[in-house]
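> Just dropping this structure here.
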């Protein structure tokens with residue numbers, strides 16, 4: 001079968017590898033779609049932190065935002081069957097470290113990230129295998145396009161869940177208009193937030209935010225975020241902020257616009273330290289800070305099944321055989337015009 | 001009646017005031033004890049931030065860590081009756097704003113703090129008045145000494161409550177060995193923490209913490225805190241860190257000591273920004289940060305009823321009439337006390 005690998009920094013190429021054979025507890029998946037994630041590009045460019053800390057090395061079998069069909073299963077598999085439409089966990093736990101033995105798989109000290117850290121072979125390939133208990137079977141209502149958006153969306157959902165939204169009361173600010181931010185805004189609205197405000201610097205992505213349910217959008221290039229939000233909330237500030245921009249520069253504004261007892265949810269990594277954090281202001285507000293590293297996949301499937309439409313996130317489709325060139329181009333030009341580029345394996 | 005006030009920075013002095021008369025919703029409280037708090041000393045010295053932001057001005061009727069007995073009540077006073085031993089909350093609602101009129105006193109729009117910010121007249125006085133809704137009755141068998149420790153202990157307890165300790169499982173690190181830190185460590189044990197580690201730079205305070213039931217003491221002058229925490233937790237780190245030192249330089253070690261999905265609870269203020277917060281390290285461990293402003297007074301009363309002894313925190317007793325001079329001396333030279341208790345027995 002054909003797979004795409006990040007061979008070395010800057011080089012993506014197609015290789016021929018044997019089609020994997022599922023072990024007793026595994027399923028063989030035929031990949032239908034795969035979304036291009038910023039992490040994929042960081043692996044390709046070499047910027048990803050885990051490519052430098054000794055944990056992971058080139059060539060990398062990357063890709064993790066996939067939608068697939070089960071085509072074979074090992075003899076012990078009970079969770080899925082041939083023909084099921086599935087997506088999977090972002091990491092495969094070792095099941096024998098102290099954390100795994102305690103059932104805290106997300107904290108597995110040997111976890112192999114699918115297509116990322118300590119690489120479990122990823123989904124830029126015609127086929128992949130996964131432990132069957134790391135898979136989610138999807139309802140028929142969900143298309144392959146939308147299914148491959150569930151992985152990033154499920155990170156947004158974890159942030160929304162940590163925001164403790166009270167229907168009809170909570171005012172939510174989402175900072176950042178990437179796929180995760182936009183999905184978080186849609187889910188916050190679905191959860192009944194009284195008002196969802198999205199801030200971002202790209203006008204057409206702000207338009208997408210509105211389309212996906214944001215009540216109000218702010219472009220901080222044009223308006224002062226703090227001023228606008230204080231006015232909008234009669235000086236109270238916002239009850240929760242879901243920070244999805246990954247930009248440390250946004251954090252000061254976040255701390256300033258939080259309401260008393262507000263919640264600041266941090267989703268993405270920053271790549272640098274947050275300098276001069278006004279911790280006393282944060283304490284005076286009795287605020288709290290929560291972080292997101294994982295997925296609430298089941299809630300995401302449920303929300304999508306209930307009608308949240310994630311498909312506007314896909315701003316471009318390409319074929320699998322175009323992906324290598326496309327991605328190498330993308331890292332050279334540092335273009336950010338797309339929200340989600342979907343790779344089609346049809 | 002006699003009250004101790006801070007007339008201007010550096011000048012605590014005794015003043016005669018008329019004995020207050022409780023309004024309809026208030027109780028008149030005769031004060032028996034008052035603990036000296038670091039905030040009191042910041043008001044005396046003038047460095048308290050609220051003395052500079054336009055909210056509060058000298059002279060200040062300070063004092064807020066008290067134990068008293070109700071001597072009279074207004075006709076609508078709730079919660080307490082004459083003869084009750086009481087302690088009170090630090091934040092007093094106005095009773096008149098739209099939220100108070102709805103009974104939502106916690107979100108009062110015009111609060112005053114007892115003896116501090118926007119000053120509700122405080123407890124360095126023979127008597128004070130307070131709305132009954134902000135008072136808590138203390139059982140008879142809890143001494144005035146213990147009762148006057150309830151206020152600082154209640155801040156510690158809120159921190160412990162926010163740490164969400166799982167009995168028999170959680171490992172807690174408390175940084176700071178003031179009254180709040182040591183009380184927090186003792187309450188972690190009371191809540192069933194599997195192991196409680198405390199860190200501080202003063203050996204005799206660590207010894208008091210040990211005597212109050214803390215499992216492991218660390219003096220970071222002598223050993224590396226993060227290393228010790230990792231050793232004590234088989235490399236997992238602490239499930240929760242309760243930061244009570246108020247020292248911004250401790251935060252890096254706190255963050256590094258946290259376990260996966262650990263929680264840091266900040267009790268206190270720093271007076272400066274956190275210069276370099278390793279936010280990615282915090283994210284990778286999926287940690288959370290919580291802060292404490294509130295007081296969990298009923299939980300402390302319960303802990304005291306359950307036999308937790310907080311009196312080792314009192315390292316000195318002085319008389320009310322000595323208090324002014326003691327504070328002036330304290331401005332010149334710090335003592336190594338944890339809690340100095342002011343005794344009002346001369347009026348009793």
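No lab work stands behind these numbers, since they all come straight from the coordinates. None of these values were measured; they are calculated from a predicted model. Here Cβ is always computed from backbone atoms with ideal geometry, including for glycine, and neighbour counts include all displayed protein chains.
> Would you please give the FRET efficiency between residue B:169 and residue B:16, computed as 1/(1 + (r/R0)^6) with r the Cβ-Cβ distance and R0 = 56 Å, to the nearest 0.05? List each step's numbers first, then the result.
On the way: r = 56 Å, r/R0 = 1.00.
Computed FRET efficiency for residue B:169 and residue B:16: 0.50.
> How do the peptides B:265-276, A:57-68 rank, highest first, by the average count of neighbouring beta carbon atoms within 10 Å per residue?
Going from most to least packed, we get A:57-68, B:265-276.
> To the nearest 0.05, what FRET efficiency results for residue B:347 and residue A:231 with a Förster distance of 45 Å applied to their C-beta separation?
The value I calculate is 0.25.
> If packing is taken as the mean number of other Cβ atoms within 10 Å per residue, what is the order of B:169-178, B:32-41, highest first?
The peptides rank, most packed first, as B:169-178, B:32-41.
> Using a 10 angstrom cutoff on alpha carbons, build the Gaussian network for chain A and name the most mobile of A:222, A:325, A:243.
A:222
> Expressed as a whole percent, how much of the Cα-Cα distance distribution for chain A exceeds 33 Å?
28 percent
> Could you please state, rounded to a whole Å, how far the C-alpha centre of the range A:55-98 is from the C-alpha centre of the range B:96-140?
Cα centroid of the range A:55-98 versus Cα centroid of the range B:96-140: 59 Å apart.
> Oh, and also: How high is the FRET efficiency from residue B:275 to residue A:249, r the C-beta distance, R0 25 Å, rounded to 0.05?
0.95
> Test of understanding: what is the full-extension gain from residue A:273 to residue A:69, defined as 0.36 nm times their sequence separation minus their Cα-Cα distance?
Value of the extension gain: 69.3 nm.
> Follow-up. From Cα pairs below 8 angstrom and at least 6 apart in sequence, can you work out the relative contact order of the range B:153-292, rounded to a whole percent?
On the way: 303 pairs, mean separation 33.1, N = 140.
Once normalised by length, the contact order is 24 percent.
> Moving to a separate point now. Need the full-extension length gain, residue B:99 to residue B:118, defined as separation in residues times 0.36 nm minus the C-alpha distance. One decimal, nm.
5.0 nm
> Using only the alpha-carbon atoms, how far is helix B:179-190 inclined from the longest principal axis of chain B? Give it as 0 to 90 degrees, nearest 10.
Approximately 60 degrees, to the nearest ten.
> Can you give me the orientation-averaged projected area of the convex hull built on the Cα atoms of the range B:149-264, in nm²?
The Cα convex hull of the range B:149-264, projected and averaged over all directions, gives 6.2 nm².
> Give me Rg over Rh for the range B:182-320, both radii from the alpha carbons and Rh done the Kirkwood way, two decimal places.
0.97
> Roughly how far apart, in whole Å, are the Cα centres of the range B:256-330 and the range A:272-346?
Each part's Cα centre sits 37 Å from the other's.
> Binning every alpha carbon pair distance of the protein assembly as shown at 10 Å from zero, what are the percents per bin?
P(r) over the protein assembly as shown, rounded to whole percents: 3, 14, 21, 22, 17, 12, 7, 4, 1, 0.
> Below 8 Å between Cα atoms, with a sequence gap of 6+, how large is the relative contact order for the range B:272-345 in percent?
Working: 33 pairs, mean separation 22.8, N = 74.
It rounds to 31 percent for the range B:272-345.
> Sum -39500 (n - 2.57) across every DSSP H segment of at least 4 residues in chain A, then divide by the residue count to get the 222 nm mean residue ellipticity, nearest 500.
Calculated from helices alone, the mean residue ellipticity at 222 nm is -7500 deg cm²/dmol.
> If one computes the Cα centroid of the range A:114-142 and of the range B:1-48, what distance in Å separates the two points?
The range A:114-142 and the range B:1-48 have Cα centres spaced 67 Å from each other.
> Taking the Cα atoms only, what angle lies between the long axis of helix B:150-162 and the longest principal axis of chain B, rounded to 10 degrees?
Helix B:150-162 sits at roughly 40 degrees to that axis.
> Please build a GNM for chain A, connecting alpha carbons under 10 Å apart, and tell me which residue among A:178, A:235, A:103 fluctuates the most.
Largest GNM mean-square fluctuation: A:103.
> Moving on to the next point. Compute the relative contact order of chain A as a whole-number percentage, counting only Cα pairs closer than 8 Å that sit 6 or more residues apart in sequence. Numbers along the way, then the final one.
Numbers: 788 pairs, mean separation 60.0, N = 346.
Value for chain A: 17 percent.
> Once both labels are modelled 7 Å past Cα along the beta-carbon direction, what's the residue B:76-residue B:52 spacing in nm?
My value for the distance between the label points is 4.1 nm.
> Take chain A, connect every pair of alpha-carbon atoms lying under 10 Å apart with a spring to form a Gaussian network, then pick out the residue of A:69, A:89, A:223 with the largest mean-square fluctuation.
The residue that fluctuates most here is A:223.
> Report the percentage of all Cα-Cα pairs in chain B whose separation exceeds 36 Å, rounded to a whole percent.
Numbers: 12806 of 60378 pairs.
Distances greater than 36 Å cover 21 percent of the Cα pairs.
> If you take all C-alpha pairs in the range A:155-291, what percent of them are over 19 Å apart?
Value for the range A:155-291: 43 percent of Cα pairs lie more than 19 Å apart.
> Roughly how tilted is helix A:150-162, in degrees to the nearest 10 and between 0 and 90, from the longest Cα axis of chain A?
So the helix axis and the longest Cα principal axis differ by about 40 degrees.
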